[in-house]
Amino acid sequence: MSEIERLRSQLKRLSLQTMADLFEDEATKAAKSEMSYIAFLARLVDEEIAAKTDRSINARIGKARFPMVRTLEEFDFTFQPSLSPARIRELAELGFLSKAENVIFVGQPGVGKTHLALGVALRACQARKRVLFLHANDLLEQLLAVEVTRGLTKFVEQLARLDLLVVDELGYTPMDAHKANLFFQLVSQMYTRASLILTSNVPFDRWAKVFGGDEVIAAAILDRLLHYSHVFLIAGPSFRMKGKLTTIEKPAEPCDDSS
């Protein structure tokens, strides 16, 4: 076995795959440019760290279960003048995570709530945070299922150990009293421990209807969600209707036969 083959094999055994792939070509370049041994090694280590970071981020994105990948850079703020780009940029710095603060996007369907939630959550993954994205109905079904197997406490504890839980489309389907109580238990467990991002099409003054008509539990949930929170009320038009209304043909003008 040659020295090159032996070194490549040793690097792979140490799980330094990128260095194993690159060291031969990099050694040739270093020799031609008369790079120092330390600079050559530092360059290889930099490449290995970058590759491991990329793999770690991709793994976190996979574990987050995003239904799609959306970035904040793709969001069209000019279409939503009620939304402050500066506030979203500040949010993207992720300071709210270290304080276990919540983020709530409220607005009619199609205004970009899920896009913004996904964009912020993606930033969290890129910062190597533990993130999970769940549709509200899926979350509630999971809470019901683990309750039947007496695993509710463990499941809620697992969610509370995340850095960020995204609950999408809260309120699209009203809950019964039992589901409302389960959701309250989750919110209570995560309160001041981990951050939640919620999207909802229901204004806060109508949340009692979301939670089975129970004003007491709705108030208790809102109290915990809003205590440390960033609230974005989006009043703009639907992105899904963008350009559609202007293309609908107008009815033909009636003919004037009086002449």
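Just so you know, all these numbers are worked out from the coordinates, no wet-lab data involved. Model, not experiment: these values are computed from the prediction. Cβ sites come from the backbone with ideal geometry, for glycine too, and all protein chains shown count toward neighbours.
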At a Förster radius of 51 Å, what calculated FRET efficiency corresponds to the Cβ-Cβ distance of LEU14 and GLU90, to the nearest 0.05? 0.80
Cα gyration tensor of region 139-235, axes a ≥ b ≥ c as square roots of the eigenvalues: rounded (a/c below 1.5), prolate (a/b > b/c) or oblate? oblate
I need the phi-derived Karplus couplings for region 64-77: 6.51 cos²θ - 1.76 cosθ + 1.60, θ = phi - 60°, integer Hz, Gly and Pro marked x. 6, 6, 5, x, 6, 9, 10, 10, 5, 5, 7, 6, 8, 5
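Assign one of three labels to region 85-128, namely rounded, prolate or oblate, based on the Cα gyration tensor with a ≥ b ≥ c the square roots of its eigenvalues; rounded applies when a/c is under 1.5, prolate when it is not and a/b is larger than b/c, and oblate otherwise. Could you put the intermediate results ahead of the total?
Numbers: a/c = 1.92, a/b = 1.64, b/c = 1.17.
In terms of gyration-tensor shape, prolate.
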How far is helix 136-148 tilted, in degrees, relative to the longest principal axis of the Cα atoms in the chain, given as a value from 0 to 90 rounded to the nearest 10? 80
Sum of side-chain charges, ASN181 neighbourhood, beta-carbon under 13 Å (Lys, Arg +1; Asp, Glu -1): -2
Quick one: how many lysine pairs in region 3-64 have C-alpha atoms under 25 angstrom apart, if they're 8 or more apart or on different chains? 4
Got a sec? How would MET35, MET1 order by Cβ neighbour count within 10 Å, fewest to most? MET1, MET35
Quick one: which residues, 5 or more positions from HIS135 or on another chain, have an amide H under 5 Å from its amide H? H modelled 1.01 Å from N in the peptide plane, none for Pro or chain starts. ASP168
For the chain, the dipole about the Cα centre with charges only on Cβ (Lys and Arg +1, Asp and Glu -1), to the nearest 20 debye, works out at 900
Given (i) -0.48, -1.04; (ii) -0.27, -1.05; (iii) -0.34, -1.15, which label gives log10 I(q)/I(0) by the Debye sum over Cα atoms at q = 0.08, 0.15 Å⁻¹ as computed from the coordinates? (i)
Using the Cα gyration tensor of region 26-152, with a ≥ b ≥ c the square roots of its eigenvalues, what is the shape: rounded (a/c below 1.5), prolate (a/b larger than b/c) or oblate (neither)? oblate
Restricting to Cα pairs under 8 Å and 6 or more apart, the percent relative contact order of the chain works out to 23
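Need the full-extension length gain, SER33 to LYS52, defined as separation in residues times 0.36 nm minus the C-alpha distance. One decimal, nm. Intermediate results must be reported in sequence, preceding the final value.
Details: separation 19, 0.36 × 19 = 6.84 nm, distance 2.69 nm.
Stretched out fully, the SER33 to LYS52 stretch lengthens by 4.1 nm.
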From phi via Karplus (6.51, -1.76, 1.60), per-residue ³J(HN,Hα) for region 214-221 in Hz, x at Gly/Pro: 8, 5, 5, 5, 4, 5, 5, 5
Around THR199 (Cβ within 11 Å, Cβ-to-Cβ, excluding THR199; K/R +1, D/E -1) the net charge comes to -1
Enumerate the amide H contacts of GLY236 below 5 Å, restricted to partners 5 or more residues apart or on another chain; note that Pro and chain-start residues carry no placed amide H. SER82
What list of ³J(HN,Hα) couplings, whole Hz, do you get for region 96-102 from phi and the Karplus terms 6.51, -1.76, 1.60, once you set θ to phi - 60° and write x for glycine and proline? 5, 5, 5, 9, 6, 8, 9
For ILE197, which sequence-distant residues (separation of 5 or more, or a different chain) have an amide H within less than 5 Å of its own amide H, given hydrogens modelled in the peptide plane? VAL103, LEU165, VAL166, VAL167
Using 0.36 nm per residue, how much length does the chain from ALA42 to GLN142 gain when fully extended, once their Cα-Cα distance is taken away? 31.3 nm
Given labels modelled 7 Å from the Cα in the Cβ direction, how far is it in nm from LYS209 to VAL231? 1.8
Would you compute, from DSSP H runs of 4+ residues alone, the mean residue ellipticity of the chain at 222 nm, taking -39500 (n - 2.57) per run and dividing by the full residue count, rounded to the nearest 500? -16500 deg cm²/dmol
